[in-house]
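Data first, discussion second: the structure below is written as structure tokens.
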Amino acid sequence: MKNEYSIEGVKCGGCAAAVKERLSKLDKVDNVEVNIQDKNIVVEGTASKEDLQAALEGTNYKID
């Protein structure tokens, strides 16, 4: 299952890598693609939006 979300706070390649690393650690996530220009992410897997946001807790990144 693929889901696309808007994401706030991703401004550079380092930000994108940090988001990808955190989300990829979730068991329910198979793949993550971060698009800096469009400010969105595509997540493959069964993780919910709440699961993804919880993985980013304590960062400046927010999933919409």
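The values are calculated or read from the model by the stated rules, or taken from the named source; none is laboratory data. Worth saying up front: this structure is predicted, and the values here are computed from it rather than measured. Note that each Cβ is placed from the backbone with ideal geometry, even for glycine, and that neighbours are counted across all protein chains shown. These area figures cover heavy atoms from the full protein model, side chains too; ligands, DNA and RNA do not enter into them. Shrake-Rupley method; radii C 1.70, N 1.55, O 1.52, S 1.80 Å.
Overview of values
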quantity	calculated
Selection from segment 10-26 of residues that are farther than 14 Å from residue 55 by Cβ and either open to solvent by 50 Å² or more (accessible area, probe 1.4 Å) or not hydrophobic (A, V, I, L, M, F, W, C) (or both)	11, 12, 13, 14, 17
Flag if residue 57 is open to solvent by 30 Å² or more (accessible area, probe 1.4 Å), of a type outside the set (A, V, I, L, M), without any contact (Cβ under 8 Å) to a residue 40 or more places away in the chain and part of a loop (DSSP other than H, G, I, E, B)	yes
Residue among 47, 18 that alone is farther than 12 Å from residue 2 by Cα and at pLDDT 95 or above	18
Out of 10, 43, 34, 19, sole residue that is assigned to a helix (DSSP H, G or I) and either of a type in the set (Val, Ile, Thr) or touching a His at 6+ places or on another chain (Cβ under 9 Å) (or both)	19
Flag if residue 18 is touching a Ser or Thr at 6+ places or on another chain (Cβ under 8 Å) and not acidic (Asp, Glu)	yes
Checking residue 2 against (1) open to solvent by less than 90 Å² (accessible area, probe 1.4 Å); (2) touching a residue at least 40 places away in the same chain (Cβ under 8 Å), the condition it does not meet	(1)
